Amino acid sequence: MGWTLLILLVVLTVVHGNPTVMVRTGSGPTVGFDQHPNSVPLGEDIQTTTEGESEVVEEVMTTGVLNPSHYPARRAATVVQHYLNTRYGSPYRWIFLSTVHSGSAEDVAEMGRKYQLELTMQEMISNVSGQCSAELFFPGGEGQSAPQVQASCEGLHQSNTTAQEEAFYQQHRASNNLVSGNNIPDSYGHMEPSMKPFWQLGGVASSFIMLRESNESTLYNMAQVANFTQLETEKDQLRFNYHVLLHEMISQEIIHWKLLVTWSPEQGVQVLQTELQPKCHHCEAPPNTTN
Amino acid sequence: MCVSMYSAVWSREETTERNYYTRYHNMSEITAWMEQMKRENPDVVSSMVYGQTYERRNITLLKIGLSSTVRKKAIWMDCGIHAREWIAPAFCQYFVREILRTYKTDTKVNEMMKNLDFYITPVLNVDGYIYSWHNESTRLWRKSRSPGTGGCTCYGTDLNRNFYANWGMVGVSTDCCSETYCGTKALSESEAWAVTDMLGKMREDILAFLTIHSYSQLILVPYGHPNISAPNYDELMEVGLGAAKAIKAVHGMDYTVGTSPDVLYANSGSSRDFARLIGIPLSFTFELRDKGEHGFELPEDQIQPTCEEAYAGAQHIITYTHDKAFYSYAATVTATLWTTLLAAWVSSAILLTIICMYKQVK
């Protein structure tokens, strides 16, 4: 009798307390590998159009208050950056977006969209920051029209570049020693210190194109100065031919432009001519030598 | 012979110097470095060739972890899916060096090496990476190196649009000359197929998936399609924001966290999305420095600080992943044991009471 009870006790313990430990690997339902990975959870609505071309999902434009860390505010803020460089940039003043604080967007009946932004911009050489308020207007419609920007900034002009700019101007004004350079920065991100102001000037000059070409579906940066050549000084303006590579983030394309650029401390940067270089498709074939 | 001996000695010395990890390295250097990591750490490092590129080169990963008799959980990291993003392979190299350097002395890294295996692919798009090293005019190549089809003379498919994850739906181009060309069909590219195959085999074991890119200073969570949310979106955001905070603590750099359609652009066919779709709960894309000043051509003097901050971010995610799996595991075991003991105690108490009562009655 006692033995029976003892066995019963042991059996009860063992049967009840068999530890089945499972490592939790995440909450929620997981899609099995045998289930079609392209399957969409029920209830989700996707608008798709079956066209042969690129984007097949309609992008809904955000209106009202914008999230400062989301792309609509950031793309618009980058356009303001390009605008500020066309107005204030020089070989010693190059402005970049630092932070988007707030923004809003609204449709302007059948004409386009208007953005309002509060930003911090930073001048890269002196590290001086400034607060900016900006309004920009992206025209709608068929024609590719440049955005219109108005911006006022506090503090950005504190960097005193006059002495450096003047020295640079005097150094290169005489036409007996015309400068040129290429691959700035190089593949490793390096550049000779003497090339740095030409890189910055290239960035500012690129801003004219980047501003002109921008819309709500683009985000431009200058990837590299492929080459530049100084031309004879004319009308007290330093003159250069620039070949720049622009990186457009949304399409991920590298776009080649040739620019005719002038600069002087008084007149600032001007871009007199721009020429889009076609993408070289036959350049893509594998090289003869392999690594 | 003397020259080749000299260059062999020079390479060995080079890789032990601190400044090896502050320079970019071409594919043959990275391959030699992988061999060296195995040679110097034979008990914790092995390699695995898990696929071939279009040009028939090996796609190799390093498997790093303390050896174990039981099957281990895994962390996946790949770098260099886009050829021009040179800072990414540099980070993979840095990450490997860092865990190998610290696992013997750092108790947390040691614990993670014991419980996990790290599967790290320093360069996924080997063909594209080699092509980007060819000369200055190829430096900004992005895609694979497979030739176009159907009369299109351009080369390459965007590997990060080629995965079987809402393939071809948004943020892609069907023009083979485009940088976001998604390929003739999902997994048309052998490189994407290699990752898919490995992830499929290891699906049960992979706890976190990290894919490293540049530039923009972002941490992206699934999905790239604007109308689809990951079931654990809140968890992904919380962990991602924690990683961004850890990054900022290192050198003050801001990394923005969000889904790709929120903070960058909509896209489909990404490896990150595929990983989440097959059930890997924590799947992130890192976009490293900078924000456009240098872009893809990040100066070498920024390699070290970029790697330091990215390491802190990655470690935050990996630590969370590890602790969730192993401290929860321990908690479950402990709870089950306590329940068992309690049940046994209660059962025996009841039985003894019955016995006593029975004896009394008798």
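The values are calculated or read from the model by the stated rules, or taken from the named source; none is laboratory data. Bear in mind that the values here come from a model prediction, so they are computed numbers and not experimental data. Cβ: placed from backbone, ideal geometry, glycine included. Neighbour counts: every protein chain shown. Ligands, DNA and RNA are stripped out before the accessible areas are found, and what is left, the full protein with its side chains, is counted by its heavy atoms. Shrake-Rupley method; radii C 1.70, N 1.55, O 1.52, S 1.80 Å.
I'd like the GluC sites (Glu not before Pro) in segment A:100-198 restricted to DSSP loop residues with at most 11 other Cβ atoms within 10 Å, sorted by number.
Working: sites: A:Glu106, A:Glu110, A:Glu118, A:Glu123, A:Glu135, A:Glu142, A:Glu154, A:Glu165, A:Glu166; in loops: A:Glu110, A:Glu142.
Qualifying residues, ordered by number: A:Glu110, A:Glu142.
Near B:Arg272, within a Cβ-to-Cβ distance under 13 Å, what is the net charge of the other residues, with Lys and Arg +1 and Asp and Glu -1? The partial results should precede the final answer.
Numbers: positive: B:Arg161, B:Arg276; negative: B:Asp78, B:Asp273, B:Glu287.
So the surrounding residues net to -1.
From other protein chains only, count the Cβ atoms within 10 Å of every residue's Cβ in B:288-298, then give the mean. Intermediate results must be reported in sequence, preceding the final value.
Working: counts 0, 0, 3, 6, 12, 7, 8, 9, 8, 11, 3.
Across B:288-298, the average partner-chain Cβ count within 10 Å equals 6.
Take every residue in peptide A:66-74, count the Cβ atoms of other chains within 10 Å of its Cβ, and give the average of those counts. Don't skip to the end; give the middle numbers.
On the way: counts 0, 3, 1, 7, 7, 9, 1, 0, 5.
Neighbouring Cβ atoms belonging to other protein chains average 4 per residue here.
What's the local net charge at A:Tyr88, with K and R +1, D and E -1, over the other residues with C-beta under 14 Å away? If you can, show how the numbers build up before the last one.
On the way: positive: A:Arg87, A:Arg93; negative: A:Glu123, A:Glu154, A:Glu165, A:Glu266.
Surrounding charge for A:Tyr88 is -2.
Among the aspartates and glutamates, select those whose C-alpha is under 17 Å from the C-alpha of B:Lys72, and discard any that sit fewer than 8 residues away in the same chain.
B:Lys72 reaches B:Asp43, B:Glu111, B:Asp117, B:Glu204, B:Asp205, B:Asp323.
Give the shape of segment A:195-291 as rounded, prolate or oblate, defined through the alpha-carbon gyration tensor: a ≥ b ≥ c are the square roots of its eigenvalues, a/c under 1.5 means rounded, and otherwise the shape is prolate if a/b is larger than b/c and oblate if not. Please list the in-between numbers first.
Details: a/c = 2.41, a/b = 1.50, b/c = 1.61.
Here segment A:195-291 falls in the oblate category.
With every protein chain left in place, what is the accessible area of B:Val333 in Å² (1.4 Å probe, nearest 10)?
Looks like 40 Å² after rounding.
Roughly how crowded by other chains is peptide B:222-233, in terms of the mean Cβ count from those chains within 10 Å of each of its Cβ atoms?
Working: counts 0, 0, 0, 4, 5, 8, 4, 2, 2, 7, 4, 1.
Counting other chains' Cβ atoms within 10 Å and averaging over B:222-233 gives 3.
Please give the peptides A:214-221, B:53-60 ranked by average Cβ packing (other Cβ atoms within 10 Å per residue), highest first, as a rough proxy for protection.
Values: A:214-221: 20.4, B:53-60: 18.0.
Descending mean neighbour count gives A:214-221, B:53-60.
Under a crude label model (7 Å from the Cα following the beta-carbon direction), how far is B:Asp197 from A:Leu260 in nanometres?
Output for this residue pair reads 5.7 nm.
Mind checking which of B:Gly313, B:Gly80, B:Gly171 has the largest fluctuation in a GNM of chain B, springs on alpha carbons under 10 Å?
Looking only at B:Gly313, B:Gly80, B:Gly171, the largest GNM fluctuation is found for B:Gly171.
For chains B and A, what's the summed buried accessible area, probe 1.4 Å, to the nearest 100 square angstrom? Mind showing how you got there, number by number?
Working: alone 17150 and 18780 Å², together 29250 Å².
Summed over both sides, the interface buries about 6700 Å².
Sort A:187-194, B:258-265, A:272-279 by the packing proxy (mean of other Cβ within 10 Å over each peptide's residues), most packed first.
Numbers: A:187-194: 14.8, B:258-265: 21.6, A:272-279: 11.6.
In descending order of packing, they fall as B:258-265, A:187-194, A:272-279.
Please sort through the DSSP H helices of chain B and keep those with an alpha-carbon extent of at least 27 Å along the long axis and a Kyte-Doolittle average not below -0.5.
Numbers: long enough: B:233-251 (28 Å, 0.32); B:303-361 (85 Å, 0.54).
Those that clear 27 Å and a mean of -0.5 are B:233-251, B:303-361.
Do the alpha carbons of any pairs in B:Lys201/B:Lys248; B:Lys114/B:Lys185; B:Lys73/B:Lys291; B:Lys63/B:Lys324 sit beyond 32 Å of each other, and which pairs?
Details: B:Lys201/B:Lys248 36 Å; B:Lys114/B:Lys185 40 Å; B:Lys73/B:Lys291 35 Å; B:Lys63/B:Lys324 22 Å.
Over 32 Å Cα-Cα: B:Lys201/B:Lys248; B:Lys114/B:Lys185; B:Lys73/B:Lys291.
Which shape class applies to segment B:175-239: rounded if a/c is under 1.5, otherwise prolate when a/b exceeds b/c and oblate if not, where a ≥ b ≥ c are the square roots of the Cα gyration tensor eigenvalues?
Details: a/c = 1.84, a/b = 1.25, b/c = 1.48.
Cα axes put segment B:175-239 in the oblate bin.
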